[in-house]
Every structure is written in structure tokens, then in C-alpha cells.
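Just below is one structure, and these are the notes that go with it.
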Amino acid sequence: WQQIPARLYLGIRKPRRTILGMELAGDIEAVGKNVTLFQPGDAVLASTFSVNFGGYAEYKCMPENGKLVRKPANLSYEEAAAVPGGGMTALGCLEKGNIQPGHQVLIYGASGAVGTNAVQIARHFGAEVTGVCSTTNLELVTSLGASHVIDYTQEDFTERGERYDVVFDAVGKLPPAKGKSVLKPGGTYINVHKDSGSSERIEDLRFVTDLIEAGELRPAIDRTYPFEQIVEAHRYVEQGHKKGNVAITVS
């Protein structure tokens, strides 16, 4: 049922927007006469969620005050394009948990686009992170800074006897009652579909890129496809087993 609002927003029988793509990275080609924050040649990354998508196009017109920031120099364009969606969503959700140093945080779906960001952001806040993922993703989640990893195909995390200050379902597939069952008194359960909201804040995007420039966060890229193979890219993502993000190169 949680997918219904998304389908209504994006389109039921076909996409409401003819050109898809909710995030991008590239170089600014031209600016309006009153633009002062950017200039031609600037390398940037952006979310196009609030401006009718269009990230798959060769060119996209963005407002100067949109969700647009300069690309960190330590990222490739493919990595930069993966920053806005997963990064801002993870940050916005985790902020609801009021994470403090030493808190125990469990992230369910720790190897996805949101989850890989959440592991690193929670670590930045000083949490001890437990990531739940499949067998093939244990190494990835550990490399991102998780102190503990649980293979959900082999073990039920609710039977370990551990309790957490925050449980974050980063994929929206965990029954709420199950997530809440392992919370400490006063703990917070967060669901990515219910708690991420529909609005994006430029402050969140700047915060995430600051972490990247400081070396505390890095987007995880599973595969990169050329634009001509965009259908294959979507089919791969729809299988539900990607590690982090899938990038499309538009030349």
C-alpha cells in the first residue's frame, strides 16, 4: 500500500513526466543575466524532483535557488549524480531520530541508495550502527562504517536480544511492529516512505556535500550504464538487489 501514493504522483499507467531522472550532475552551459551564484563551466549536482524531473536529458534548466550545489572535487560525475536522492532522504529521516553520540542505530536495508548514506550519516552523528542486508552486501555495509552487520537471509535480527535507540527502515519493507519490537524505551522507529516527506531542503544537500568533501561520506555506485542502455538499467534496479546506486551517463 505504501507504493500507492508514489504511483499516483509519478503516474499510474504511464509516467506523468515524459523525461525521467530525479537527480543529475554536470557542467553549467549558460546562466541568465541576473544569476550570481553560478557561472558557465561550474561543475554541479542537483535534484530535479521539484522541477518536473528531466535528469535524463542532455540539458536541464534549473532555477538558481533550486536544489543545486557545486560538485565536490573528490567525486566523479557518476558519483555526484547519486548524491541528492539517497543523501537528502537519509539525512531527513535520521534527523527525526535525534541521534546522539553513543546511540545504537539499526538500519534495515543498509545496502540500498538510502541505506548506504544512512550508515555513513549515522556514524557521523556518533552512533554505533548495525546494518541489516543480504549476504552479498555484508562487506559493502561493513566498509561504509557499520560496527555490526546482520544477514537477514540467515538470521532474524529481532531474536538477538539487542535493543536500539533508533530503527530506520530504509527500504520500507519492514513490518512496523517488528521494527518497534527492538526499540529501547523512548526509542524511535523511522520508515523511509512515511517519514521522508515530499519536500527537499537545500540545507540538507549542502550538509551532505560538506560530509563528502570532508571524506566522511561517499556514494556507493553498483553499476554505470550508457544512456543507450537505460532500459536495461531500469530493469536491473527493479530487481531490487542493487548495491547503492545505478548511474546513467548521458553524452
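The values are calculated or read from the model by the stated rules, or taken from the named source; none is laboratory data. All figures in this text were calculated on a predicted structure; none of them were measured in a lab. Neighbour counts run over all protein chains shown; Cβ positions are idealised from the backbone, glycine included.
In segment 222-243, what residues are touching a residue at least 24 places away in the same chain (Cβ under 8 Å), over 13 Å from residue 112 (Cβ atoms) and within 17 Å of the chain's Cα centre (by Cα)?
If we filter segment 222-243 for residues that are touching a residue at least 24 places away in the same chain (Cβ under 8 Å), which is where we start, we get 222-227, 230, 241-243.
After this cut, where a residue has to be over 13 Å from residue 112 (Cβ atoms) as well, the list is 223-227, 230.
The answer is 223, 224.
Criterion first (on the phi > 0 side of the Ramachandran plot, surrounded by fewer than 23 Cβ atoms within 10 Å (Cβ to Cβ) and not in a helix (DSSP H, G or I)) does residue 97 satisfy it? Give the derivation first.
Working: on the phi > 0 side of the Ramachandran plot: no; surrounded by fewer than 23 Cβ atoms within 10 Å (Cβ to Cβ): yes; not in a helix (DSSP H, G or I): yes.
So residue 97 fails the test.
For segment 1-46, enumerate the residues that are closer than 20 Å to residue 194 by Cα and at pLDDT 80 or above.
Once the filter is applied, which keeps residues that are closer than 20 Å to residue 194 by Cα and at pLDDT 80 or above, segment 1-46 yields only 22.
Output yes when any residue across segment 211-220 is assigned to a helix (DSSP H, G or I), in contact with an Asp or Glu (Cβ under 9 Å, 6 or more places away or on another chain) and charged (D, E, K, R), and no when none is. Quick ask: steps written out before the conclusion?
Within segment 211-220, the first condition is being assigned to a helix (DSSP H, G or I), and the residues that meet it are 211-213.
Of the ones still in play, those that are also in contact with an Asp or Glu (Cβ under 9 Å, 6 or more places away or on another chain) are 212.
Of the ones still in play, those that are also charged (D, E, K, R) are none.
Checking segment 211-220: not a single residue is assigned to a helix (DSSP H, G or I), in contact with an Asp or Glu (Cβ under 9 Å, 6 or more places away or on another chain) and charged (D, E, K, R).
So if I check each of 124, 103, which one is in contact with a strand residue (DSSP E or B) (Cβ under 7 Å, 6 or more places away or on another chain), more than 21 Å from residue 241 (Cα to Cα) and in the same structural domain as residue 162 (by TED's automatic domain parsing)?
Numbers: 124 fails: in contact with a strand residue (DSSP E or B) (Cβ under 7 Å, 6 or more places away or on another chain).
Of the residues listed, the single one that is in contact with a strand residue (DSSP E or B) (Cβ under 7 Å, 6 or more places away or on another chain), more than 21 Å from residue 241 (Cα to Cα) and in the same structural domain as residue 162 (by TED's automatic domain parsing) is 103.
Can you tell me which residues in segment 106-129 are within 14 Å of residue 174 (Cβ to Cβ) and outside any loop (DSSP other than H, G, I, E, B)?
If the condition is that a residue be within 14 Å of residue 174 (Cβ to Cβ) and outside any loop (DSSP other than H, G, I, E, B), then 106, 107, 108, 112, 114, 115, 118 are the ones that fit.
Given the conditions (1) of a type in the set (A, V, I, L, M); (2) in a strand (DSSP E or B); (3) touching a residue at least 40 places away in the same chain (Cβ under 8 Å), which single one is not true for residue 132?
So residue 132 meets the others, but not (3).
Test each condition in (1) modelled with pLDDT under 95; (2) farther than 16 Å from residue 197 by Cα; (3) of a type in the set (Ser, Thr, Tyr) for residue 77 and report the one that comes out false.
Among (1) modelled with pLDDT under 95; (2) farther than 16 Å from residue 197 by Cα; (3) of a type in the set (Ser, Thr, Tyr), the lone unmet condition for residue 77 is (1).
Being assigned to a loop (DSSP other than H, G, I, E, B), surrounded by 20 or more Cβ atoms within 10 Å (Cβ to Cβ) and of a type in the set (Ser, Thr, Tyr) is the filter here; which residues of segment 48-94 pass it?
Selection gives 48 alone.
Right, residue 174: assigned by TED's automatic domain parsing to the domain that holds residue 243, of a type in the set (A, V, I, L, M, F, W, C) and either part of a loop (DSSP other than H, G, I, E, B) or more than 18 Å from residue 243 (Cβ to Cβ) (or both) or not? Show your work before the answer.
Working: assigned by TED's automatic domain parsing to the domain that holds residue 243: no; of a type in the set (A, V, I, L, M, F, W, C): yes; either part of a loop (DSSP other than H, G, I, E, B) or more than 18 Å from residue 243 (Cβ to Cβ) (or both): yes.
Criteria not met by residue 174.
Among the residues of segment 182-190, are any in a loop (DSSP other than H, G, I, E, B) and more than 14 Å from the chain's Cα centre (by Cα)? I'd like the intermediate steps shown before the answer.
In the first step, residues of segment 182-190 are kept if they are in a loop (DSSP other than H, G, I, E, B); the result is 182.
After this cut, where a residue has to be more than 14 Å from the chain's Cα centre (by Cα) as well, the list is 182.
Within segment 182-190 (the criterion being in a loop (DSSP other than H, G, I, E, B) and more than 14 Å from the chain's Cα centre (by Cα)), the answer is yes, since at least one residue qualifies.
Would you check if residue 229 is outside the structural domain of residue 130 (by TED's automatic domain parsing), out of contact with any strand residue (DSSP E or B) (no Cβ under 7 Å at 6 or more places or on another chain) and at pLDDT below 95?
Working: outside the structural domain of residue 130 (by TED's automatic domain parsing): yes; out of contact with any strand residue (DSSP E or B) (no Cβ under 7 Å at 6 or more places or on another chain): yes; at pLDDT below 95: no.
No; evaluated as a whole, the condition is false for this residue.
Return the residues of segment 177-198 that are touching a Gly at 6+ places or on another chain (Cβ under 9 Å), among the hydroxyl-bearing types (Ser, Thr, Tyr) and either farther than 22 Å from residue 243 by Cα or without any contact (Cβ under 8 Å) to a residue 12 or more places away in the chain (or both); say none if nothing qualifies.
Once the filter is applied, which keeps residues that are touching a Gly at 6+ places or on another chain (Cβ under 9 Å), among the hydroxyl-bearing types (Ser, Thr, Tyr) and either farther than 22 Å from residue 243 by Cα or without any contact (Cβ under 8 Å) to a residue 12 or more places away in the chain (or both), segment 177-198 yields 188, 189.
Say whether the condition of being under 20 Å from the mean Cα position of the chain (by Cα), of a type in the set (A, V, I, L, M), surrounded by fewer than 20 Cβ atoms within 10 Å (Cβ to Cβ) and closer than 17 Å to residue 85 by Cα is met by at least one residue in segment 138-150.
Within segment 138-150, none of the residues are under 20 Å from the mean Cα position of the chain (by Cα), of a type in the set (A, V, I, L, M), surrounded by fewer than 20 Cβ atoms within 10 Å (Cβ to Cβ) and closer than 17 Å to residue 85 by Cα.
Give 246, 208 a once-over and let me know the one that is under 14 Å from the mean Cα position of the chain (by Cα), within 15 Å of residue 113 (Cα to Cα) and assigned to a helix (DSSP H, G or I).
Values: 246 fails: assigned to a helix (DSSP H, G or I).
Answer to the selection: 208.
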